[in-house]
Amino acid sequence: MRTQVVIIGGGPSGLLLGQLLHKQGIDAVILERKTREYVLGRIRAGVLETGLVRLMEEAGVADRLHKEGFIHDGTEIAFGGEMFHVDFKELTGTPVIVYGQTEVTRDLYDAREAAGAQTEFEADHVVIHDADSDKPYVTFEQHGQEKRIDCDFVAGCDGFHGVSRQTIPLEVRREYEKTYPFGWLGILSETPPVHDELIYANSERGFALCSMRNENLSRYYIQCALSDHVEDWTDKAFWDELKHRIPEEIADKLVTGPSIEKSIAPLRSFVTEPMRWGRLFLCGDAAHIVPPTGAKGLNTAASDVHYLYNGLVQYYQDKDSQGIDSYSEKALLRIWKAERFSWWFSGLLHRYPDMSPFDLKMQAADISFLRDNTAQQRAFAENYVGLPY
């Protein structure tokens, strides 16, 4: 096979890049290790920055998002049994939209199929060859058959454990990582959300988050020990603990029910540099991970797609390589700011096991400063709704 761009990874970042390129007449083949059904079964975040929404609009896949998504003009932060509101719309003029990542992925798959664009599922043992030359190619196995695709460029959208980052030699890449001493226990339940906006809570017992996917599908999280296992937590134990961590008036309104999904996710901050090696470009989780506290995972992947997509269009339509040559530098400038926000917001809300009484007082002062200071709220809101591309 021959194509212009091979996209490794059929998650939302790879699909979005593929759809945007297709709209510009640039041919791309997507390789996905799993099946479509498996990819759509992943439960992920659902807070979309305006930048991602605009990319979905440009890709022609935003109709259902605008019809079914929930516009959130702000968020609630709870501490010491009390709660205060940060108004994104008033402070920045920009809201966020709550719309599940699974639905974003579904919309992009439907559009790709309607366009007749090529997606190769169950592509195993993917290997990127000669990425540092002007004639890269990719090999893979599919149902026992060896296949090869020659291309101009390779976009690595295959996540933290994918082959793309590992293709860049160790002497070329540098990795930065912070692991957090706790995880998030999350459940999905077919219950109405307890509040019409997200509630982030810092309590003596640890962090909690009240979120949602739609008017009858709620997503809740509590901070837990890294040694915990899902089977350690019954639904009743989870609901009881959540109620202890959120303000009493919210707990009294909480509608509980059986979980339809339950998982524990460790928290990590991770960045690899550079995000380009020869004709290979890294996008999304292949290059960086953020703790979920600031809702930046999917949104940072979208900013990568923005820079790479525009660079490739400039290359193919204007015969100008400036966009792809500056891709890594531009993407990383924004990524590190998103990493900073996610790290700071995690520190604001979680109880770390080694916190001293002084640390706890500093955390309380930081929260009260956010509550009482408009400039601090504006800085928080600007980061939460998404820094400009």
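The values are calculated or read from the model by the stated rules, or taken from the named source; none is laboratory data. Because the structure is predicted, anything quoted here is derived from the model rather than measured. FYI the Cβ positions are ideal-geometry reconstructions off the backbone, even for glycines, and counts take in every protein chain you see. Quick note on the areas: whole protein, heavy atoms, side chains included, nothing else; ligands and nucleic acids left out. Shrake-Rupley method; radii C 1.70, N 1.55, O 1.52, S 1.80 Å.
For the condition closer than 30 Å to LYS337 by Cβ and at pLDDT below 95, what is the one hit in ARG268, ARG213?
After ruling out the rest, the residue left standing is ARG213.
If only one of GLN317, GLN363 is within 30 Å of ILE128 (Cβ to Cβ), touching a residue at least 12 places away in the same chain (Cβ under 8 Å) and more than 20 Å from the chain's Cα centre (by Cα), which one is it?
Every option except GLN317 fails the conditions.
Among the helices (runs of 4 or more DSSP H) lying completely within region 151-265, list those that include at least 2 residues that are in contact with a helix residue (DSSP H, G or I) (Cβ under 7 Å, 6 or more places away or on another chain) and within 21 Å of PHE345 (Cβ to Cβ).
Here the list is empty.
What single numbered condition from (1) surrounded by 20 or more Cβ atoms within 10 Å (Cβ to Cβ); (2) closer than 19 Å to GLU37 by Cβ; (3) within 22 Å of the chain's Cα centre (by Cα); (4) not polar (S, T, N, Q) fails to hold for ALA59?
(2) is the only condition that ALA59 fails.
Identify all residues within region 282-304 that are assigned to a loop (DSSP other than H, G, I, E, B) and either without any contact (Cβ under 8 Å) to a residue 24 or more places away in the chain or open to solvent by less than 10 Å² (accessible area, probe 1.4 Å) (or both); write none if there are none.
Matches in region 282-304: CYS283, ALA287, PRO291, LYS296.
Would you point out which residue out of ASP124, ASP130, ASP152, ASP134 is at positive phi, open to solvent by 10 Å² or more (accessible area, probe 1.4 Å) and of a type in the set (Asp, Glu)?
ASP130
Specify the residue that is nearest to the chain's Cα centre (by Cα); the eligible residues are those in region 71-123 that are small (Gly, Ala, Ser) and more than 18 Å from ILE199 (Cα to Cα).
ALA111
Taking helices (runs of 4 or more DSSP H) that do not extend beyond region 32-88, which have at least 2 residues that are at pLDDT below 95?
Helices (runs of 4 or more DSSP H) meeting the threshold: 36-40.
What do you reckon, is ALA28 touching a helix residue (DSSP H, G or I) at 6+ places or on another chain (Cβ under 8 Å), in contact (Cβ under 8 Å) with a residue 12 or more places away in the chain and of a type outside the set (Lys, Arg)?
For ALA28, the condition - touching a helix residue (DSSP H, G or I) at 6+ places or on another chain (Cβ under 8 Å), in contact (Cβ under 8 Å) with a residue 12 or more places away in the chain and of a type outside the set (Lys, Arg) - is met.
Within region 326-360, restricting attention to residues that are open to solvent by 60 Å² or more (accessible area, probe 1.4 Å) and under 25 Å from the mean Cα position of the chain (by Cα), which residue is farthest from GLU49 (Cα to Cα)?
Checked region 326-360; the qualifying residue farthest from GLU49 (Cα to Cα) is GLU329.
Listed residues THR191, THR167; which is under 26 Å from the mean Cα position of the chain (by Cα), open to solvent by 10 Å² or more (accessible area, probe 1.4 Å) and touching a residue at least 60 places away in the same chain (Cβ under 8 Å)?
THR167
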